[in-house]
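Written out below as C-alpha cells is the structure these notes cover.
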Amino acid sequence: MRIFVTGGAGFIGSALVRHLIEHSEHEVLNFDKLTYAGTLSTVERVASSNRYCFVQGDICDADAVRTAIAEFRPDVITHLAAESHVDRSIDGPGAFVQTNVVGTYTMLAEARAYWLALDDAAKAAFRFHHISTDEVYGSLGEDGLFTEDTHYDPRSPYSASKAGSDHLVSAWGHTYGLPVLITNCSNNYGPYHFPEKLIPLMIVKALAGEPLPVYGAGDQVRDWLFVEDHVRALQAVFERGQVGRTYNVGGHNEKQNIEVVRTVCAILDRLRPRADGALYATQITSVADRPGHDKRYAIDATRIGDELGWHPQETFESGIEKTVRWYLDNESWWRPLVAAKAAERRGIA
C-alpha cells in the first residue's frame, strides 16, 4: 500500500516510517513541517529507499496537503503530526489549537475530497488513521483502566486539543462516511525521542551533571509503551482494523515518574558511572508541580489484542535498557539538539 504519514520526522512518526520501510513492502510519504521537534536525521537510515519520499509541508496549509495527496495518491493516511508536549501547551496553548485542531480539520477536508474522487474499489480500501493519546480521558484514581468507552475529560490545553481532533475525526466518519480509525496510546519512549520529554531529558541532564527535575513527589503514574511496539500496533490497525473503531494501545507497564527516573539513574550507574563515584540519583530534585497535573493514566488494550492480535513485546525493564543504551551510543544525534534548544521542564505557570 501507499502510506501517507504526517509528522514522519517526529518521534513516533519517524519510528513508523523506519518500521514500514524496513519491515513491510509499503511505500511511504513522509509529510512534515520540520518544527523544533522534527528532524530528518530520525529517518536518515531509510531515506535512500526507493519506497520512501519526503515532502516538507504544514498540515494547516490546505494547498500543500492537497498537492502532496494528489501526487502520492495514498491508500492510507496516518495522521501523527501534532504539538505534543503538555508543558509547552501550558505556556503557549494557541499553537496546539492551531496544529492539533485546525490542522486535523485541514487533513480531514483534503482527505475527504481525495477519497470522494476515487473509484469504488479504492474508495472502499482507503483509510484515514488518526493517532491520539490516552490523555484525552483525563485522570484515573488508584484503580481502573481507560477503555475505548471511557468518557473524555481532558485536563490540559494539549489533551483538550487532541480530544477536539479525535471528535473531528469521528464526526467525519459519521457525517461524511470517511473510513476513519482512531488509536489512543499511552506514554511512548525509546530512540530518537526529543530531549524535552521525561526519559530523554533525565538521561541528558544526568550525563551533564545537572539536577534532575521531578514534578512534585513524582508519584504520578503513567503506562509506558516502547515506541517500536506502538508502531507495530499502528500498522495492525490501518491494515486490519474495523472502520469507525477506536483502539487503545498500552504497554501494560504502570510506573510512577520517580520510579522511572530512579531506573534511568541505576542503568546509567552501571553503564556509565560518574567520574566522582557518586550515584546519579543524588541529582534528583523536586520542583513545583505543573498546573492540572493528571495523577494516573493506564490503558486497557484488550480490544486490539483480541481483534488484531497485537501485544507489546517489550517489558518496561527491557525497553528502558534499550533506550538508555541508545542515548549513550548516539550522543551525536541528541547533543546538537540540546545545544540548539535548551532542555528544560516547562509548564510552571
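Every read-out reported here was derived from the displayed coordinates using simple, explicitly stated rules and does not represent laboratory data. Everything numeric here is computed off the predicted structure, so don't read it as measured data. As a convention, Cβ positions derive from the backbone with ideal geometry for all residues, glycine included, and neighbour counts pool all protein chains shown.
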Equivalent ellipsoid, region 1-149 (semi-axes from 5 times Cα gyration tensor eigenvalues, Å)
26, 19, 17
Which percent of Cα-Cα pairs in region 137-243 sits in each 5 Å bin, short to long?
2, 9, 14, 18, 21, 16, 10, 6, 3, 1, 0
Each residue of region 323-333 in turn: what ³J(HN,Hα) in whole Hz from Karplus with 6.51, -1.76, 1.60 and θ = phi - 60°, glycine and Pro shown as x?
5, 4, 4, 5, 5, 5, 8, 10, 4, 5, 7
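Tell me, Kirkwood radius of region 21-76 from alpha-carbon pair distances, in Å? Kindly include the intermediate steps, with their values, before the conclusion.
Values: mean 1/r = 0.0815 Å⁻¹.
Evaluated over region 21-76, this radius sits at 12.3 Å.
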Please list, in order along region 43-48, the HN-Hα scalar couplings obtained from phi with the Karplus expression 6.51 cos²θ - 1.76 cosθ + 1.60 (θ = phi - 60°), rounded to whole Hz, x for Gly and Pro.
10, 4, 6, 10, 5, 7
In terms of modelled amide H atoms, which long-range or inter-chain residues lie less than 5 Å from the amide H of Glu254?
Trp224
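Per-residue counts of other Cβ atoms within 10 Å, averaged by peptide: what ranking do you get for 302-308, 257-263, 25-31, highest first?
Descending packing order for the listed peptides: 25-31, 257-263, 302-308.
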Select from Arg270, Arg245, Arg88 the residue whose mean-square fluctuation is largest in a Gaussian network model of the chain (Cα-Cα springs shorter than 10 Å).
Arg270
Using all Cα-Cα distances in region 181-266, what percent lands in each 10 angstrom bin from 0 up to the longest?
16, 42, 26, 13, 3
Check which residues have an amide H placed less than 5 Å from Val28's amide H, if you skip close sequence neighbours.
Ile3, Tyr52, Cys53
Which residues qualify? For Lys33, with a placed amide H closer than 5 Å and at least 5 residues away or on another chain, they are Gly7, Gly57
Residue by residue through region 185-202, which ³J(HN,Hα) values in whole Hz follow from phi under the Karplus form 6.51 cos²θ - 1.76 cosθ + 1.60 (θ = phi - 60°), with glycine and proline marked x?
10, 8, 5, 8, 8, x, x, 6, 7, 4, x, 10, 7, 3, 5, x, 5, 5
How big, on average over all directions, is the shadow cast by the Cα convex hull of region 205-349, in nm²?
10.7 nm²
What percentage of all Cα-Cα pairs in the chain are separated by more than 32 Å?
27 percent
Ranked by GNM mean-square fluctuation in the chain (Cα springs under 10 Å), the top entry among Glu228, Glu44, Glu83 is Glu44
